[in-house]
Every structure is written in C-alpha cells, then in structure tokens.
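Working notes, structure below.
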Amino acid sequence: MVTARGIRVKGVVQGVGFRPFVFRLAAAEGLAGWVLNGEDGVEIHLEGAQPAMDAFVRELERRPPPAARIASIEIAPATPEGFTEFTIRESRRENSPTVRISPDLPVCAECLREMSAPEERRFEYPYINCTNCGPRYTIVLSLPYDRCNTTMRTWPLDGYCRHQYLDPADRRFHAQPVACGECGPHYCLRIAGDVVEGDAEAISRAAGLLRDGRIVAIKGLGGYHLVCDARNAGAVGSLRERKFRKEKPFAVMAKDLEVARRLVELGGAAEAMLTSTERPIVLAPAKVELDASWTGLVAPETGELGVMLPYTPLHYLLFAKGAPEVLVMTSANRSSEPIAFEDEDALARLEGLCDAFLIGQRPIARRVDDSVVRAGWQGPAVLRRARGYAPGAVARLPVERPVLAVGADLKNAITLVVNGQAFVSQHIGDLDHYEAFCAFEQTIGDLVSMYDVRWEDLLVVRDCHPEYASTVYAERLPAAQKGAVQHHRAHIASVLAEREAWRKRVIGVAFDGTGFGDDGTIWGGEIFTGSVAEGFSRVAHLRCAVLPGGDAAARSPVQAAAGFLVQLQGAPDFCAPPFGFPARYRQSLELAQKGVRTFGTSSIGRLFDTVAALAGFTRPISFEGQAAMWLEHLARQDQSSQDQGAADAYPFPLIGEELDFRPLLRQVVQDRARGKSPAAIARAFHRGLAQGVAEAVNSLGALFDTVVLSGGVFQNETLLADLGGQLTAAGREVWTNSAVPPNDGGISLGQAALAAFGQCRDCRGTVVTHA
C-alpha cells in the first residue's frame, strides 16, 4: 500500500550535501517524491511502502552527511500525489528564512586525493570542492543556499562540471561552489608591479618567496593572511615591525599533524579539535625542546603556541610546492584592525606590510577570522569564535519576536535571534577602531538582511555603558524596542543560555577587566545569585579600588597598581628596588591620593595587573590582557611550591560583601621585598585568588549546587583549574562557557537570553518585555 509522508529537517542542512543524500537514500529504498531547500531547512515529500519509509527515516537520523547538524526532524502524514520518481526541486522562498547556514568546511580527503593526481581534471586546482567540503558562510550572499545566491554565480559551469552537478551518483551532485580549471576562478601572484598568472606558477613562486624569508599576503576563505616562515627570525621580526604588533603572539600553520605534534603537547582533546571540521587555531603548551630563538619571537612570554592545520586546497598546494613546514599565518591587517578581505582594500591597506600578494579571483562575501580554542579544564573552550563555528545557532530561546543583541565594544560579536534560534556572528573585533566598527555595522546589516528581519519587529539589546560605540549605534537603529543589559549579568547568562537552563538558579562569578556597573563604577569582580528567568542579584564583589586616569590605567600595570596600593598603610617606595616602578607610578599615586581623574573599580583584571607589576611587569602593555597572561606564564614556571598545595596561597578573605585584596597585596609586597621568586609569587597569587573565591562562594551560595564562571579572566587556565577543583571538591557543579567565548565575545548571547525573559531595561529604566 502506498502512503505519503511530509518530512521537515531543521539544523545545518543546506550547503552540506543534504539534498543529494536524501535523493540517494530515497532511490535506495524505492521511494518517490521530492526534496527542496525551504526557509527553515530541508523539506521532503515521500511516497511508497511504509517499511521503506521507516528505513528511510532511520538512515536519515543515523547517517546524515558528515557536515550536517540535524536539530530536529518533523514527520507528518501527507496526501499521495502519484509520483513515480524522486526529484530535487528548486528551492522555495515565500517567507523569511530561519535555516541555519553552514560554517565553512575544510577540504575533504577525496578532493585532496583528486587534487594530487596528475590524470585528474582538477589536478592542483586551488578551488577544488564537493558537497562534503569547501566554502559556505564566506560565499553566501542570500538564502536559500543555491549557486545563484553565492559569490560563484558569475562563473557558469562548463559541461564537465555541470554533468557532475546533475549526476545523483557523483559527490558533486548539487555542490554549489563546484568548478574546475576550465570554468572556475584562479589565483595570481602580484610582486613588485608584475603579475604571475596560472595557479601552479603563482603558488610555486609564493612558496619560494616564503622559503626566502619574504612576507606574502595570501587570500583565503574569510580574508587575507600575512604569511612568513615561522623559523626565520628575520622574517618574523620584520612582520612584527611592519604590522605594529610588538609582542602579541602569532598563530602558526603546521604542514601536517606530525609537524604539529613536534611543536606542541597535544592531548586527545586538543588533537581532536585540531583535526575537526572546524579546523581552529588550538592553543597548547609548546614543546620544551623547541628552539627559543624562533618560538620566543612567534609567541613571547606565554609558553604556548597557537597551531592550526591546512584547511583549504591552497594551503596544501603551498606546502606541496615547498613552503616551509611551519608558517606564521596571521590576519592581514595592522594591529587591532579587522582582517582585509576585499582585493582592492587589501592592496591598499597592506601596502608596505608584505612583499607580494597571492590573490584569488573568487570574491569573499564577508570577513571571517580563524577561530581560537583550547582543551580547557572542563573540555573544549572557544576563545575566538569565527571560521568553522559562525554563524551557527548555539541555543534556542523561548521568544517569538526577533532579537538583535549588539554585544560589547571589546572582542565584539553580535547575536540575532530568529524564531527562537540564537545565531552568533563571527568575531568582529574592538569597536574603538574605525575599520572594526564598519565591520560591526556590516555584520549587523548582513545577518538582518539575510534572515529578512524587519526593523519594526526587532528588540535591540545593548550594554549599559552609555559611551560604548555599540550603545550609540544601537540607540540609532529604527527598531521597535530597545533595552540594555548589565555587562557581567550577560556573562553569567551566556553560560546558562548555552545549556538552555533558563530557570536554573545559580551562583555566578563574573571576573574580567572592565564593565559598566549599576552604580556607574567600573565592575569586574562580581558574584551574583539568580537565574536568567528571574534576573541576577549582586551579592558580593571585589573591594573597590580606583583607576587613576580612567581607561589609561588598563594599558599600564603600574598605573593600575597605584589605585590598589594606595590603600596599603606603610607601603614601601615602589619606585625603589626590588620593585623598580617607573615615574609614571608616582604620578598615578598622586592622582589616586587626591581623588583627581580617578574612577572606582572592582575589576579583578586590574588586580591581576597590580600583582604583575609587583612581580616585575612594569612596562606598558602592548595588547589587551598581556600582563595577566605574563603572570599566568610565570605561575606555570614555579617549581618551589609544587607539593605545598593550597597552603601556599595568599589570603583573599570575604569581609561582608567585599573580597578584600589588601591582605593579599601586603603578602605579595612582603614576599617580593624578602626575595621570593616572582614565579612563586605568581603561583601563590593564583592559589590565593582561587581559595578566597571558593570560600566566598561556599559561604554565599549554600542554597546553590551549581556555580557559573564567566568573563575574560576565566581564560586563565591556571586560575580556572585551581578554583574549579576546589568548588568540585566541595560538592558543587561548575559550569563554564564552551560554545561561545568566556570573554566579551560571548556577551551578546547573554544579552539576548536576558532580553528574552524581560530582564533588560530601556533608557528610562523601564523593563522591556518581549511580548
């Protein structure tokens, strides 16, 4: 007996070979009907015998295409229409789309084998791809995902590619970016005014330049990289000088997994991330036997290397043509600017930064950086969410209206909620830079347009800081409603949103460098209780210090230190040995003592800066978080108290509602004056911070079995392991971020979650509801 079923599959199911997979599966089971891309996923109409339909659904659930991510399968009875075959229909677009866009995918093993075979038509073709691999998000112009809606639309398929595109038995069946050397885009090399045409010759010449210690700007999936030989000190030094990147670590690309294993300590989790379909940069401890003459230039004073593997055909071709086996591969920009992704802009902005340009013809629809992850104390942790992850949906929120959360100004990322699905954008950057702010505007327009969201329907949510660039921008948008969410509450909410634990009551610890507080001071060492649905109450915080000179104190550890050390009675002269603070300290101390040009703060980030200054980091920082990273690196080097455990911990008591830093700083000052090693001081500081916070949580949160830890400070694995271990030993469950970063890159998700439950306020302080 012939029956019919309608099936709707939601998730990442467009651009990943899902329709060809359905076609082949239906043919194998002898079923008729059709499949097409709809607004919210893939729609299927099946006709045939019931046992065959049951088998079809089982295989659909068990063995979807490798890059697909099924969120739900909805099955409903349908009316038989008498189909005699199964077909792939043209995509349907009637309403606003809600389908999840696939992130970009690394080149697959089959395409690599084909690219390496001289007898194949796509031998050494740098744009080779199939339904299982290749570009997705970076070429999509609009939905649904069809070739005419991608940046490949200007390259018509030749007969060879069209035959594969239309052949259900071929792995390129309905692969939208499919092309070959006869009909597709190519690469060229521009050097000293000359242009080298032809993929093979251009790539070979680029590899030769890298061997010779030159810097090459190379166009990839989501933008240009600046590339040089990682083991060539002259090349790396020149790149730092040209890019104005004094000390911030560079990422490297290893030729293959074996080379990566020689560079860093790879546990099972780290190796799994390194080889995953996301192909992120993985932070891991550098091998101690590595030559410090180059690792110290690539990643100074960290003890870690950020390593990634090749993920595009071009990368593999570069190594095959003789490029050095370890390449610095960093975003093509001047320090803190967004990555260059358009050819003319790259040629203009990167002039003087590189010696040559390896330029691909295929346009990039939007800039997307490489993602950064690490195998953390609780498992995989995302530190920068971009290529391979964005713009995936990370949660389903119980809200019908669309919500746009614009995030914070540092490490910005935005979240757009459509039909309850929270789509988190790629990392955008720091909005105090003009180019990054332009990228922020473009990303908002991009997602809102792609999902056909009407401004008059939107609830726009932003940070409470009145002077953030994102705040000013949000207030100008023509949205139906607008509201604000306090920075640190958004941090805690982001962790709960990942788990969709809306009514779970927790005690939350939000530690970072800066965030606008309810009282107008700069928060950053906060403890809350509550839930997303009910809101969060501040129950404790770091004792208030001051920031002499305001935001400038975040760029100078000794300036920040003055705002904390001013509270120590009988303190020594910190400009004298062994501390050796520069004159800037005395100037800052005078401001702190007089209360002139100072701002109150409860920032743990600035406490880290203070201890770093006392331990020897007395120069200005050259990138955000540098002093704290240095202090953690120092703590990992300590060998003097390996077996002393928490006994070697500085006092950090909770007094009333304040975590009092004064006893801790007194002990740091005394130990440094007595000649204790900076490494031992750094380690005792981490232990003391963890012990004090654990005791505070256990005291304040007797009714809460779950502790949430979020904020940029919890990128510090040493602190996270110390604190998490103590909380776990006390019988508490510890939740941290995993899908979005703990830093400000996760703020927008928390903003959206709190807004969905009416936990945001408009400019008059009135609660904004989502009804």
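The values are calculated or read from the model by the stated rules, or taken from the named source; none is laboratory data. None of the values given here were measured: they were computed from a predicted structure. Neighbour counts are summed over all protein chains in view; Cβ atoms, including those assigned to glycine, are modelled from backbone coordinates with ideal geometry. Heads up: the accessible areas ignore ligands, DNA and RNA and are worked out on the full protein's heavy atoms, side chains in. Shrake-Rupley method; radii C 1.70, N 1.55, O 1.52, S 1.80 Å.
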Just one of ALA576, ALA562, ALA571 is assigned to a loop (DSSP other than H, G, I, E, B) and touching a residue at least 24 places away in the same chain (Cβ under 8 Å); which is it?
ALA571
Among what's in the range 567-590 and is touching a Pro at 6+ places or on another chain (Cβ under 9 Å) and not polar (S, T, N, Q), pick the residue that is surrounded by the fewest Cβ atoms within 10 Å (Cβ to Cβ).
GLU590
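Taking the range 410-422, which residues are outside any loop (DSSP other than H, G, I, E, B) and at pLDDT 95 or above? Can you show your working first?
Taking the range 410-422 and keeping what is outside any loop (DSSP other than H, G, I, E, B), we get 412, 415-418, 421-422.
The answer is ASN412, THR415, LEU416, VAL417, ALA422.
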Residues in the range 721-744 that are open to solvent by 10 Å² or more (accessible area, probe 1.4 Å) and assigned to a helix (DSSP H, G or I) total 7
For the subset of the range 235-256 comprising residues that are over 20 Å from GLY303 (Cβ atoms), touching a strand residue (DSSP E or B) at 6+ places or on another chain (Cβ under 9 Å) and small (Gly, Ala, Ser), which member is most open to solvent (accessible area, probe 1.4 Å)?
SER238
Among (1) among the hydrophobic types (A, V, I, L, M, F, W, C); (2) buried (at least 23 other Cβ atoms within 10 Å of the Cβ); (3) within 25 Å of ALA635 (Cα to Cα), LEU274 falls short only on (3)
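Just to be sure, is THR302 in contact with a helix residue (DSSP H, G or I) (Cβ under 8 Å, 6 or more places away or on another chain), polar (S, T, N, Q) and within 30 Å of ALA109 (Cα to Cα)? Reasoning before the result, please.
Details: in contact with a helix residue (DSSP H, G or I) (Cβ under 8 Å, 6 or more places away or on another chain): yes; polar (S, T, N, Q): yes; within 30 Å of ALA109 (Cα to Cα): no.
Here the answer is no, as THR302 does not meet what is asked.
Condition (residue is free of Cβ contacts under 8 Å to residues at least 24 places away in the same chain, of a type in the set (Val, Ile, Thr) and buried (at least 17 other Cβ atoms within 10 Å of the Cβ)) applied to the range 301-311: is it met by at least one residue?
Keep residues of the range 301-311 that are free of Cβ contacts under 8 Å to residues at least 24 places away in the same chain, which gives none.
No, the range 301-311 has no match at all.
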Conditions (1) modelled with pLDDT of 95 or more; (2) of a type in the set (A, V, I, L, M, F, W, C); (3) open to solvent by less than 60 Å² (accessible area, probe 1.4 Å): number failed by ALA175:
(1)
Return the residue satisfying two criteria in turn: it lies in the range 603-643 and is over 15 Å from PRO557 (Cα atoms) and open to solvent by 20 Å² or more (accessible area, probe 1.4 Å), and of such residues it is modelled with the lowest pLDDT.
ASP643
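I'd like the residue in the range 143-161 that is part of a loop (DSSP other than H, G, I, E, B) and in contact with a Cys (Cβ under 9 Å, 6 or more places away or on another chain) and, out of all such residues, is surrounded by the fewest Cβ atoms within 10 Å (Cβ to Cβ).
Looking only at the range 143-161, we keep the residues that are part of a loop (DSSP other than H, G, I, E, B), and these are 143-146, 151-158.
Now narrow it down to the ones that are in contact with a Cys (Cβ under 9 Å, 6 or more places away or on another chain): 155-158.
Working: TRP155: 19, PRO156: 12, LEU157: 19, ASP158: 15.
Across the range 143-161, the extreme among qualifying residues is PRO156.
Take the residues in the range 458-486 that are in a helix (DSSP H, G or I) and among the aliphatic types (A, V, I, L, M), then tell me which one is farthest from the chain's Cα centre (by Cα).
Going through the range 458-486, the residues in a helix (DSSP H, G or I) turn out to be 469-476.
Pick out the ones that are also among the aliphatic types (A, V, I, L, M) and you get 469, 472, 474.
Values: ALA469: 21, VAL472: 24, ALA474: 22 Å.
This residue is VAL472.
So, in the range 190-231, exactly how many residues are of a type outside the set (Ser, Thr, Tyr) and over 30 Å from the mean Cα position of the chain (by Cα)?
Taking the range 190-231 first, the residues of a type outside the set (Ser, Thr, Tyr) are 190-203, 205-223, 225-231.
Filter again for over 30 Å from the mean Cα position of the chain (by Cα), leaving 190-202, 205, 208-209, 211-213.
Adding up the residues that qualify gives 19.
Here is a check on your reading of the model: is PRO66 touching a residue at least 24 places away in the same chain (Cβ under 8 Å), over 22 Å from ARG171 (Cβ atoms), open to solvent by 10 Å² or more (accessible area, probe 1.4 Å) and not basic (Lys, Arg)?
Working: touching a residue at least 24 places away in the same chain (Cβ under 8 Å): yes; over 22 Å from ARG171 (Cβ atoms): no; open to solvent by 10 Å² or more (accessible area, probe 1.4 Å): yes; not basic (Lys, Arg): yes.
Against the criterion (touching a residue at least 24 places away in the same chain (Cβ under 8 Å), over 22 Å from ARG171 (Cβ atoms), open to solvent by 10 Å² or more (accessible area, probe 1.4 Å) and not basic (Lys, Arg)), PRO66 does not qualify.
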Is there a residue in the range 690-703 that is in a loop (DSSP other than H, G, I, E, B), touching a Gly at 6+ places or on another chain (Cβ under 6 Å), closer than 30 Å to LEU397 by Cβ and among the hydrophobic types (A, V, I, L, M, F, W, C)?
no
Does PHE357 satisfy the condition of being open to solvent by 10 Å² or more (accessible area, probe 1.4 Å), of a type in the set (Phe, Trp, Tyr) and outside any loop (DSSP other than H, G, I, E, B)?
yes
Would you confirm whether any residue within the range 319-336 is within 20 Å of VAL227 (Cα to Cα), touching a Cys at 6+ places or on another chain (Cβ under 6 Å) and not aromatic (Phe, Trp, Tyr)?
yes
Test result for ALA552, in a loop (DSSP other than H, G, I, E, B) and open to solvent by 10 Å² or more (accessible area, probe 1.4 Å)
no
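Can you name the residue in the range 182-214 that is assigned to a loop (DSSP other than H, G, I, E, B) and open to solvent by 30 Å² or more (accessible area, probe 1.4 Å) and is also farthest from ILE88 (Cα to Cα) among such residues? It would help to see each step written out before you state the result.
Residues of the range 182-214 that are assigned to a loop (DSSP other than H, G, I, E, B), as a first pass: 182-186, 192-193, 197-198, 212-214.
Imposing the further condition that a residue be open to solvent by 30 Å² or more (accessible area, probe 1.4 Å) reduces the set to 182, 186, 192-193, 197-198, 212, 214.
Values: GLU182: 27, HIS186: 30, ALA192: 49, GLY193: 48, GLU197: 39, GLY198: 36, ASP212: 51, ARG214: 49 Å.
Out of the qualifying residues, it is ASP212.
Under 38 Å from the mean Cα position of the chain (by Cα) and not acidic (Asp, Glu), is that true of ARG5?
Working: under 38 Å from the mean Cα position of the chain (by Cα): no; not acidic (Asp, Glu): yes.
For ARG5, the condition - under 38 Å from the mean Cα position of the chain (by Cα) and not acidic (Asp, Glu) - is not met.
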Among the residues of the range 252-272, write down those that are aliphatic (A, V, I, L, M) and either over 23 Å from LEU318 (Cβ atoms) or assigned to a loop (DSSP other than H, G, I, E, B) (or both).
LEU266, ALA269, ALA270, ALA272
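Okay, residues lined up against (1) in contact with a helix residue (DSSP H, G or I) (Cβ under 6 Å, 6 or more places away or on another chain); (2) modelled with pLDDT of 95 or more; (3) open to solvent by less than 30 Å² (accessible area, probe 1.4 Å); (4) not acidic (Asp, Glu):
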{"position": "ASP370", "(1), (2), (3), (4)": "no, yes, yes, no"}
{"position": "TRP377", "(1), (2), (3), (4)": "yes, no, no, yes"}
{"position": "ALA386", "(1), (2), (3), (4)": "no, yes, yes, yes"}
{"position": "ARG396", "(1), (2), (3), (4)": "no, no, no, yes"}
{"position": "ALA408", "(1), (2), (3), (4)": "yes, yes, yes, yes"}
{"position": "GLY429", "(1), (2), (3), (4)": "yes, no, yes, yes"}
{"position": "ASP432", "(1), (2), (3), (4)": "no, no, no, no"}
{"position": "VAL453", "(1), (2), (3), (4)": "no, no, yes, yes"}
{"position": "TYR473", "(1), (2), (3), (4)": "no, yes, yes, yes"}
Scanning for something modelled with pLDDT of 95 or more, surrounded by 20 or more Cβ atoms within 10 Å (Cβ to Cβ) and touching a strand residue (DSSP E or B) at 6+ places or on another chain (Cβ under 8 Å), does the range 669-688 turn up at least one residue?
no
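Hey, any hits in the range 591-602 for a residue that's on the phi < 0 side of the Ramachandran plot, open to solvent by 10 Å² or more (accessible area, probe 1.4 Å) and assigned to a loop (DSSP other than H, G, I, E, B)? Break it down stepwise before answering.
Our first condition is that a residue be on the phi < 0 side of the Ramachandran plot; within the range 591-602, this holds for 591-594, 596, 598-602.
The next check asks that each one be open to solvent by 10 Å² or more (accessible area, probe 1.4 Å); those that pass are 591-594, 596, 598-600.
Subset that is assigned to a loop (DSSP other than H, G, I, E, B): 596.
Within the range 591-602 (the criterion being on the phi < 0 side of the Ramachandran plot, open to solvent by 10 Å² or more (accessible area, probe 1.4 Å) and assigned to a loop (DSSP other than H, G, I, E, B)), the answer is yes, since at least one residue qualifies.
Here is a list: GLY41, GLY30, GLY6, GLY15. Which entry is open to solvent by less than 10 Å² (accessible area, probe 1.4 Å) and of a type outside the set (A, V, I, L, M)? Talk me through it step by step, then tell me what you get.
Values: GLY30 fails: open to solvent by less than 10 Å² (accessible area, probe 1.4 Å); GLY6 fails: open to solvent by less than 10 Å² (accessible area, probe 1.4 Å); GLY15 fails: open to solvent by less than 10 Å² (accessible area, probe 1.4 Å).
Matching residue, one of GLY41, GLY30, GLY6, GLY15: GLY41.
Can you find even one residue in the range 487-497 that is within 25 Å of the chain's Cα centre (by Cα), hydroxyl-bearing (Ser, Thr, Tyr) and open to solvent by 10 Å² or more (accessible area, probe 1.4 Å)?
Scanning the range 487-497 turns up no residue that is within 25 Å of the chain's Cα centre (by Cα), hydroxyl-bearing (Ser, Thr, Tyr) and open to solvent by 10 Å² or more (accessible area, probe 1.4 Å).
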Just checking, does the range 108-123 include any residue being at pLDDT 95 or above and surrounded by 21 or more Cβ atoms within 10 Å (Cβ to Cβ)?
yes
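Looking only at residues that are open to solvent by 20 Å² or more (accessible area, probe 1.4 Å) and under 17 Å from ARG503 (Cβ atoms) in the range 745-765, which one is modelled with the lowest pLDDT? If you could, list the steps in order and put the result at the bottom.
Residues of the range 745-765 that are open to solvent by 20 Å² or more (accessible area, probe 1.4 Å), as a first pass: 757, 759, 761-765.
Pick out the ones that are also under 17 Å from ARG503 (Cβ atoms) and you get 757, 759.
On the way: PHE757: 95, GLN759: 92.
Restricting to residues being open to solvent by 20 Å² or more (accessible area, probe 1.4 Å) and under 17 Å from ARG503 (Cβ atoms), the top hit is GLN759.
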